[in-house]
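This report concerns only the one structure given below.
The values are calculated or read from the model by the stated rules, or taken from the named source; none is laboratory data. Because the structure is a prediction, the values reported are computed rather than measured. FYI the Cβ positions are ideal-geometry reconstructions off the backbone, even for glycines, and counts take in every protein chain you see. Ligands, DNA and RNA are stripped out before the accessible areas are found, and what is left, the full protein with its side chains, is counted by its heavy atoms. Shrake-Rupley method; radii C 1.70, N 1.55, O 1.52, S 1.80 Å.
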Amino acid sequence: MDDVVGATTPSGQVTFACGVAMEVRRQIDVSGIVQGVGFRPYVYRLATGRRLSGNIRNTPAGVTIEIQGPPETVQDFVEHLPAEAPPLARITSFLVREVACNKDVDFRIVHSHAGEEVRTLISPDVAICPDCLRELFDPADRRYHYPFINCTNCGPRFTIVRDIPYDRPSTSMAVFPMCPACQTEYEDPLNRRFHAQPNACWECGPHVDLWDRSGRRIFCRDPIAEAASGLHAGLVVAVKGLGGFHLAVDATNKAAVALLRERKRRVEKPFAIMVPDLAAARDICEIDSAACVALESVQRPIVLLPKKTSCSIPEEVAPFNRYLGLFLPYTPLHYLLLREGAFKALVMTSGNLSEEPIAIDNQEAITRLSGRADYFLVHNREILLRCDDSVVRVADGVTRQLRRSRGFVPVPVFLKNEQPSVLAVGGELKNTICLTKGKHAFLSQHIGDLENVESYSFFNEAIEHLERILEIRPTIIAYDLHPDYFSTKWALQQSGARLFGVQHHHAHIASCMAENHLEGKVIGFALDGTGYGTDGQVWGGEVLIASYKNLERAAHFEYVPLPGGAAAIREPWRMAVSYLAHNFGRNFFRFDIPFVWRLDTHKTDLLLRVIEKKVNSPLTSSCGRLFDAVAALIGIRQQVNYEAQAAIELEMAISSSENNDGYSLDLTPDGENWIIGTRSLFEALISDLQCKIDAGEISRRFHNGLVDAFVRLAGVLRKKTDLNRVCLSGGTFHNVYLSQQLESRLTKAGFEVFTHHEVPAGDGGISLGQAMVAAALAPRES
Ligand SMILES: [Zn+2]
Ligand SMILES: [Zn+2]
Ligand SMILES: [Zn+2]
């Protein structure tokens with residue numbers, strides 16, 4: 001029990017005189033992320049600065065404050081409280097009520113007993129704050145150049161938590177007892193480091209070392225300076241960060257970038273680059289105010305930004321791409337490395353082989369990265385949970401998640417209604433899992449592609465860890481319908497929970513509905529590469545009438561063969577042939593276009609026989625594959641080196657024009673359903689190719705054509721169903737041009753349009769939708 005108890009009057013409305021002057025007392029219940037983020041010392045300062053009495057204590061939902069003093073001062077306190085909350089706090093509800101005064105004379109932080117703070121929301125890992133950054137470079141400060149400086153407003157959290165409650169013994173800081181100076185700060189409610197669990201200094205905290213590729217320590221005065229020299233010499237340095245290792249090279253050094261590509265076996269997929277500050281970012285990319293906010297946010301995601309024409313970063317960093325992924329330093333170690341080396345930009349890519357999880361442990365890094373890095377800049381603060389960098393895209397002032405991970409996890413998505421405890425295990429690629437409890441949906445960090453053995457064990461690790469630190473024992477498990485997904489197989493092996501299979505595109509739309517607090521039915525456009533359909537075919541261009549409980553397929557792209565299965569995804573030319581054969585039979589050989597001239601006759605003939613004999617050619621309605629076909633046909637890309645490369649490059653090719661003419665698609669009724677056909681589209685496109693219209697123009701007409709068709713379909717469905725709300729979800733909506741055009745055209749047509757802001761539109765967001773669907777399907781226990 002608490003050692004201070006505030007009495008509530010029966011009506012809760014009473015004020016009366018306490019002592020000499022007229023005083024009032026208020027109880028304020030604050031929910032959200034208000035623990036472990038410096039909220040109590042903040043309130044303490046706010047109260048003591050106004051000479052108010054009372055107390056603050058942690059509660060399962062957040063904190064409860066009682067505050068007493070002259071009415072106008074109390075009112076002033078109440079008004080300032082949410083407005084000036086610490087940067088990491090997130091207030092989701094704030095209830096004030098009057099209670100009876102008592103004889104408090106001072107303001108106290110009431111410590112609750114263990115067990116009471118268990119249900120707190122753990123803060124994510126956040127970037128170094130301006131105060132700590134100033135101290136880091138202040139020669140007079142006792143933490144001058146200390147690579148692990150932090151305070152309650154910044155530093156590691158999620159990745160160093162072993163268990164709850166969140167305090168030092170439950171973190172990887174447990175092995176570093178605080179020195180007297182740190183301890184004093186930790187215990188002083190007026191200090192910025194009051195209860196900062198990772199508080200440390202040169203005396204007592206972790207330290208940095210430089211190792212060679214066999215894990216031997218390199219003796220040097222300053223490991224960071226030595227690592228910087230290595231980078232200047234064109235070497236690859238593995239740098240231990242917050243959620244794992246990065247592989248770093250000097251981004252302005254072409255040869256070093258090429259060396260890293262070769263060693264990481266990453267052919268063309270863009271690398272992200274870290275720049276020392278906003279000014280350096282502005283030299284490289286076009287940055288508007290929304291991009292500034294995203295870059296400087298405490299989450300410090302990688303932000304995809306348009307390259308400047310004068311950009312001095314070699315093309316090899318992000319080939320065939322108009323955008324670059326930029327981020328600012330977020331740990332003190334990053335700042336020291338970038339400033340020490342006076343780097344303009346460093347490539348900082350996850351320390352792994354392509355598609356494997358990021359390495360976190362020093363020894364693991366040596367084993368897994370020894371052929372890839374020349375030096376290892378390590379430290380002895382253990383990372384307990386891997387967490388990759390987050391990736392966002394800013395367009396038209398709106399930030400959208402492409403990969404929601406470090407900095408955002410484990411902040412929950414706040415839901416409209418209470419939900420049962422559900423574990424949703426996500427999809428196969430870009431996997432995340434989701435746990436719900438009450439009005440919170442906790443999505444995990446980016447886990448990756450489960451086909452990979454290491455990612456699969458990370459998937460297990462993440463479920464176990466999140467269930468433990470969030471104290472959620474799910475009674476319901478949701479999974480994708482695809483029988484071969486590893487996540488599905490995992491779910492089906494679980495006992496003791498009720499299992500619900502959720503259709504992939506239903507999950508996409510439900511995810512969009514959940515973060516927008518929608519209920520009832522919506523028109524949902526779920527566009528992506530691949531998702532298992534209820535008819536066993538490969539869906540991906542779906543228009544649904546959906547609620548959490550139900551899914552009705554209202555329209556979809558016509559089925560075409562996916563010749564060779566997965567091979568057709570890696571080789572977009574196969575999809576181009578498939579679409580041509582589907583629409584024109586073997587007559588397409590007569591088309592006088594470069595794509596046909598260049599076809600290998602033997603390979604094409606084989607492919608056509610595979611299609612005709614229906615061998616290893618599942619049918620697909622995928623929107624992503626249509627993008628692939630168009631990209632191949634107009635000469636942009638015949639084979640891909642990473643997921644969605646052809647579609648990304650097709651978007652990059654769009655020529656700017658005020659014209660919004662587009663190819664038309666064929667909408668044909670099929671019973672209750674509508675089929676979106678592509679014959680007219682390909683006829684017009686081929687005619688454009690014969691007239692030598694350039695690829696940028698064709699790409700624009702293709703995108704506009706899709707938008708037209710979707711707006712027409714939405715109109716048809718509104719007429720039929722009376723629904724006016726449209727949700728847009730699926731990986732295709734990472735395409736900014738398509739999203740913006742469709743959103744604006746639908747809005748003009750009077751629709752209410754809902755998109756993703758909190759979770760990715762792609763498969764990284766489907767676990768949220770799976771959880772919502774399963775919760776709706778499971779009868780509530782009374
Ligand atoms: Zn700080
Ligand atoms: Zn210390
Ligand atoms: Zn999907």
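The table that follows gives values for the structure above.
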{"item": "Proximal aspartates and glutamates to Lys489, defined as alpha-carbon separation beneath 14 angstrom and excluding residues fewer than eight positions away on the same chain", "result": "Glu428, Glu451, Asp480"}
{"item": "For segment 548-578 versus segment 146-197, the gap between their alpha-carbon centres in whole angstrom", "result": "51 Å"}
{"item": "Residues Thr747 and Asp661, FRET efficiency given R0 of 25 Å [Cβ-Cβ distance, rounded to 0.05]", "result": "0.75"}
{"item": "Shape category assigned to segment 70-187 from the gyration tensor of Cα positions, a/c cut at 1.5", "result": "prolate"}
{"item": "Shape of segment 280-419, Cα gyration tensor, a/c cut at 1.5", "result": "oblate"}
{"item": "Rel. contact order, % - alpha carbon contacts under 8 angstrom, at least six apart, segment 429-524", "result": "18 percent"}
{"item": "From phi via Karplus (6.51, -1.76, 1.60), per-residue ³J(HN,Hα) for segment 121-136 in Hz, x at Gly/Pro", "result": "8, 7, 6, x, 7, 10, 5, 3, 8, x, 5, 5, 5, 5, 5, 4"}
{"item": "Percent RCO, i.e. relative contact order, over the chain, from Cα pairs under 8 Å lying at least 6 residues apart", "result": "11 percent"}
{"item": "Protein accessible area in segment 149-267, 1.4 Å probe - carbon and sulfur %", "result": "53 percent"}
{"item": "Per residue accessible area of the chain, 1.4 Å probe, in Å²", "result": "38 Å²"}
{"item": "Accessible-area composition of segment 436-541, carbon plus sulfur, in percent [1.4 Å probe]", "result": "50 percent"}
{"item": "Karplus-derived 3J(HN,Hα), 6.51/-1.76/1.60, for each residue of segment 231-242, Hz, glycine and proline x", "result": "5, 5, 7, x, 8, 9, 10, 7, 10, 7, x, 8"}
{"item": "Pairwise centroid distance, computed over Cα atoms, of segment 397-461 with segment 301-329, Å", "result": "27 Å"}
{"item": "Counted charge near Arg26, where neighbours are those whose Cβ lies closer than 10 Å (Asp, Glu -1; Lys, Arg +1)", "result": "0"}
{"item": "C-alpha long axis of helix 504-515 to longest principal axis of the chain, angle in °", "result": "40 degrees"}
{"item": "Relative contact order for segment 314-453, counting Cα pairs under 8 Å that sit 6 or more residues apart, in percent", "result": "16 percent"}
{"item": "Net dipole in debye of the chain [+1 Lys, Arg Cβ; -1 Asp, Glu Cβ; about Cα centre; nearest 20]", "result": "660 debye"}
{"item": "Out-of-range pairs (alpha-carbon distance over 32 Å; input Lys308/Lys692; Lys103/Lys437; Lys549/Lys719)", "result": "Lys103/Lys437"}
{"item": "Prolate/oblate/rounded call for segment 121-252, Cα gyration tensor, a/c under 1.5 rounded", "result": "prolate"}
{"item": "Counting DSSP beta bridges with both ends in the chain, the antiparallel % (nearest 5)", "result": "75 percent"}
{"item": "Cα-based reach from Lys439 at 16 Å (exclusive), listing lysines while leaving out same-chain residues under 8 positions away", "result": "Lys416"}
{"item": "Hz values of 3J(HN,Hα) by residue in segment 247-253 - Karplus curve (6.51, -1.76, 1.60), Gly and Pro given as x", "result": "9, 10, 9, 5, 5, 8, 9"}
{"item": "Beta bridges by DSSP in segment 652-782, antiparallel share as percent, to the nearest 5", "result": "60 percent"}
{"item": "With Cα atoms, 0 to 90° folded angle of helix 695-721 axis to the chain main axis", "result": "80 degrees"}
{"item": "Violating pairs (Cα-Cα greater than 29 angstrom) within the set Lys264/Lys307; Lys521/Lys613; Lys720/Lys748", "result": "Lys521/Lys613"}
{"item": "Two-site label geometry, Met652 and Glu519: point separation in nm, points 7 Å out along Cα→Cβ", "result": "4.6 nm"}
{"item": "Normalised alpha carbon radius of gyration of the chain [divisor 2.2 N^0.38 Å]", "result": "1.02"}
{"item": "With DNA, RNA and ligands ignored, accessible area of Glu364 (1.4 Å probe; Å², nearest 10)", "result": "40 Å²"}
{"item": "Highest-first arrangement of 147-159, 740-752, where packing means the average Cβ count within 10 Å", "result": "147-159, 740-752"}
{"item": "Reference-scaled alpha-carbon Rg (2.2 N^0.38 Å with N residues) for segment 582-649", "result": "1.17"}
{"item": "Within segment 508-529: backbone nitrogen closer than 12 Å to the Ser680 label point (7 Å, Cα to C-beta)", "result": "none"}
{"item": "Distance from segment 58-109 to segment 611-681 (C-alpha centre basis), Å", "result": "57 Å"}
{"item": "Degrees, to the nearest 10: 453-470 long Cα axis against longest axis of the chain", "result": "40 degrees"}
{"item": "Contour excess over end-to-end distance, with Cα ends at Asp722 and His602 and 0.36 nm allotted per residue", "result": "38.0 nm"}
